[in-house]
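Following: one structure in structure tokens, then a few remarks.
Nothing in this text is a laboratory measurement; each read-out follows from the coordinates by a stated rule. Only a predicted model underlies this, so the values are computations on that prediction, with no experimental measurement involved. Reconstructed Cβ throughout: ideal geometry from the backbone, glycine too, with neighbour counts over all protein chains shown.
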Amino acid sequence: RKEVEQDPGPFNVPEGATVAFNCTYSNSASQSFFWYRQDCRKEPKLLMSVYSSGNEDGRFTAQLNRASQYISLLIRDSKLSDSATYLCVVNPLAGSARQLTFGSGTQLTVLP
Amino acid sequence: NAGVTQTPKFRVLKTGQSMTLLCAQDMNHEYMYWYRQDPGMGLRLIHYSVGEGTTAKGEVPDGYNVSRLKKQNFLLGLESAAPSQTSVYFCASRFGTGYTDTQYFGPGTRLTVL
């Protein structure tokens, strides 16, 4: 089983739609979580951290469910510019230099 | 503040040739990483460094060597390139390993080995 699993998609949604991605992780000791965004042929960039109580940044909402070991990302009112691959990232153990584990990504295409 | 830079951006090698990829960061980060990204495989850690003069193996280190002689630079070497090393290579750096410390990536190097 992969340490971090995501549905690869692709998700094709019309502009204005709401779309949600889920991610599961296998290490119950994981301490912190992030969503990164990767545009085609570009480097991954941090989109947002995921906090235990859930957090929101504009149209983006991240949720964490430790009991079920999954993280979600909700995008409301999708824009064409949201088209990208979204990577779920897990930090299993603070203090270790190599601990960030990346999912393979979920591809989103927002259609006009 | 350039962040993380990588050179070259593109390279084509023949099997058996060698090359060095350079990563530089100007954020005074202690931790640096080399990843490769292949279609459907996600990011895989090749080697990493926890500070100047240190290196360690990641998930897929075979066929690669690294050096961190200066804090701001992290070099990735391919001594004898193979077609299986055709990939996009990303360098990343990180200030620390706290819960909120995230990684910053360079723009990538696209390597093709014929």
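So the values come out like this:
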quantity	calculated
Among the candidates A:Ala17, A:Ala67, A:Ala29, residue that is surrounded by 14 or more Cβ atoms within 10 Å (Cβ to Cβ) and either at positive phi or part of a loop (DSSP other than H, G, I, E, B) (or both)	A:Ala17
When residues of segment B:27-64 are limited to those that are surrounded by fewer than 18 Cβ atoms within 10 Å (Cβ to Cβ) and in contact with a Ser or Thr (Cβ under 8 Å, 6 or more places away or on another chain), the one farthest from the other protein chains (Cβ to nearest Cβ)	B:Gly63
Selected residue (criterion: nearest to the other protein chains (Cβ to nearest Cβ)) from residues of segment B:10-20 that are within 22 Å of A:Lys42 (Cα to Cα) and out of contact with any Gly (no Cβ under 8 Å at 6 or more places or on another chain)	B:Phe10
Count of segment B:66-84 residues which are without any contact (Cβ under 8 Å) to a residue 40 or more places away in the chain and surrounded by 14 or more Cβ atoms within 10 Å (Cβ to Cβ)	3
Residue in segment A:32-64 that is surrounded by the most Cβ atoms within 10 Å (Cβ to Cβ), counting only those that are touching a residue at least 24 places away in the same chain (Cβ under 8 Å) and over 17 Å from A:Ser83 (Cα atoms)	A:Phe33
Subset of segment B:91-106 (residues that are surrounded by 15 or more Cβ atoms within 10 Å (Cβ to Cβ), within 7 Å of chain A (Cβ to nearest Cβ) and in contact with a Ser or Thr (Cβ under 8 Å, 6 or more places away or on another chain))	B:Thr97, B:Thr102, B:Gln103, B:Gly106
Residue in segment A:24-31 that is under 13 Å from A:Gln107 (Cα atoms), among the polar types (S, T, N, Q) and more than 12 Å from chain B (Cβ to nearest Cβ) present	no
